Structure formats: structure tokens, C-alpha cells
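Chemist: Right, I'll just put the structure down here and ask away after.
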Amino acid sequence: MDVTGGPGRALYERQVRFLLDKDVDGLIDTNYAEDAELVSFQTVVKGSQALKEYFRGYIAMLGDLVIESTDKFVETDGAVFFEATVRSALGRTRVYDALALRDGKIAVHFTGVMG
């Protein structure tokens, strides 16, 4: 288990950069498996095209995103799990994400808001 920096941390850093740059195609094409799933309590989205559509709407809803802090982070050979504090058009909130990886890409992405 690595709590500092490895391939999972690099993937997380790319994920953040793509979101801040509002680069949906780069995000999905680089970080997600073709058949990846995103799972939250509100929705389940599967496949590259559906993920692109979802993230375009998500980024538009967030407006300008600021990552205030990565509060917790851990990675293993097959997973990344983190909590972060973010600011957006929706206000300040804490979020969590768990990423199950396959061949270095996200196969399943669990996501949610705390509190």
C-alpha cells in the first residue's frame, strides 16, 4: 500500500488536471477503460461515450472548480481511494472517490459527496 505517490497518485493528478482544464475527451480517453462505469447514489454511467456526456454536464454544473485540498489518499496496485475538499458553483464541499483500476485505467469509479 502506498499513501504518498505512485501510479495511482499520477492518475489522480491527471484526473484533477483534466477536470480543471475542462478537458472531457482527454479525461475519458486517457484515464478510463472503454467499458468503465461511474457509480454514485444518483446514477450509474457506463462506457466512454456515456461518460463523456456525463462529465460534460458535470463540469458545466460545477463551473469553476477549485481543489482546496486532498484530505486523504491511498493507493494499491488495483485501486485509488481519496477524499478532497472542493469549491465550485455548488459551494464548498467534501467529496470522496474510489477508483478500481484495470491495466492502469479506471474500470469502476465510485463517487459521492460527504455530509
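Readers should treat all values here as calculations from the given coordinates under stated rules, not as data from a laboratory. Keep in mind the model is a prediction, meaning the values are calculated, not measured. Glycine gets a Cβ as well: all are built from the backbone with ideal geometry, and neighbour counts include every protein chain shown.
Chemist: Residues of the stretch 29-72 being touching an Asp or Glu at 6+ places or on another chain (Cβ under 6 Å) and of a type in the set (Ser, Thr, Tyr), which ones?
Modeler: Scanning the stretch 29-72 gives a single hit, Ser48.
Chemist: Moving on. Could you please let me know if Ser69 is out of contact with any His (no Cβ under 6 Å at 6 or more places or on another chain), touching a residue at least 40 places away in the same chain (Cβ under 8 Å) and of a type in the set (Gly, Ala, Ser)?
Modeler: When the stated conditions are applied, Ser69 does not pass them.
Chemist: Evaluate the stretch 46-54: report whether one residue or more is part of a strand (DSSP E or B), crowded, with 16+ Cβ neighbours inside 10 Å and charged (D, E, K, R). Show your work before the answer.
Modeler: First, the residues of the stretch 46-54 that are part of a strand (DSSP E or B): 46.
Retained after the next criterion (residues that are crowded, with 16+ Cβ neighbours inside 10 Å): none.
Within the stretch 46-54 (the criterion being part of a strand (DSSP E or B), crowded, with 16+ Cβ neighbours inside 10 Å and charged (D, E, K, R)), the answer is no, since none of the residues qualifies.
Chemist: Let me confirm something: among Gly104, Gly63, Gly57, which residue is closer than 20 Å to Ala10 by Cβ, of a type in the set (Gly, Ala, Ser) and surrounded by fewer than 16 Cβ atoms within 10 Å (Cβ to Cβ)? Reasoning before the result, please.
Modeler: Details: Gly63 fails: closer than 20 Å to Ala10 by Cβ; Gly57 fails: closer than 20 Å to Ala10 by Cβ.
Residue meeting the stated conditions: Gly104.
Chemist: Consider the stretch 20-37. How many of its residues are charged (D, E, K, R), in contact (Cβ under 8 Å) with a residue 24 or more places away in the chain and under 11 Å from Ile106 (Cα atoms)? So that I can check it myself, show each step before the final result.
Modeler: Restricting attention to the stretch 20-37, the residues satisfying the condition of being charged (D, E, K, R) are 21-23, 25, 29, 34-35, 37.
Narrowing the set further to residues that are in contact (Cβ under 8 Å) with a residue 24 or more places away in the chain leaves 22, 25, 35, 37.
The next check asks that each one be under 11 Å from Ile106 (Cα atoms); those that pass are 35, 37.
Of the residues in that region, 2 qualify.
Chemist: Also: Among the candidates Arg17, Arg9, which residue alone is closer than 18 Å to Ala79 by Cβ and either free of Cβ contacts under 8 Å to residues at least 12 places away in the same chain or among the basic types (Lys, Arg) (or both)?
Modeler: Only one candidate qualifies: Arg9.
Chemist: Oh, and also: For the stretch 24-40, which positions are part of a helix (DSSP H, G or I) and of a type in the set (Val, Ile, Thr)?
Modeler: Step one: list which residues in the stretch 24-40 are part of a helix (DSSP H, G or I), which gives 24-31.
Selection gives Val24, Ile28, Thr30.
Chemist: OK, next. From the list Thr111, Thr85, pick out the single residue that is part of a strand (DSSP E or B) and surrounded by fewer than 16 Cβ atoms within 10 Å (Cβ to Cβ). Walk me through it before giving the result.
Modeler: On the way: Thr111 fails: surrounded by fewer than 16 Cβ atoms within 10 Å (Cβ to Cβ).
After applying the criteria, what remains is Thr85.
Chemist: Taking only the stretch 12-43 into account, find how many residues are within 19 Å of Gly112 (Cβ to Cβ) and surrounded by 12 or more Cβ atoms within 10 Å (Cβ to Cβ). Explain how you work it out, then say what you get.
Modeler: Of the stretch 12-43, the ones within 19 Å of Gly112 (Cβ to Cβ) are 12, 15-16, 19, 27, 31-32, 36-43.
Restricting the remaining residues to those that are surrounded by 12 or more Cβ atoms within 10 Å (Cβ to Cβ) gives 12, 15-16, 19, 27, 31-32, 36-40.
Number satisfying all stated conditions: 12.
Chemist: Then there is this: For the stretch 38-53, how many residues are touching a residue at least 12 places away in the same chain (Cβ under 8 Å) and in contact with a Phe, Trp or Tyr (Cβ under 9 Å, 6 or more places away or on another chain)? I'd like the intermediate steps shown before the answer.
Modeler: Filtering the stretch 38-53 for residues touching a residue at least 12 places away in the same chain (Cβ under 8 Å) gives 38-41, 47-48, 51-52.
After this cut, where a residue has to be in contact with a Phe, Trp or Tyr (Cβ under 9 Å, 6 or more places away or on another chain) as well, the list is 38-40, 48, 51.
Residues flagged as touching a residue at least 12 places away in the same chain (Cβ under 8 Å) and in contact with a Phe, Trp or Tyr (Cβ under 9 Å, 6 or more places away or on another chain) within the stretch 38-53 amount to 5.
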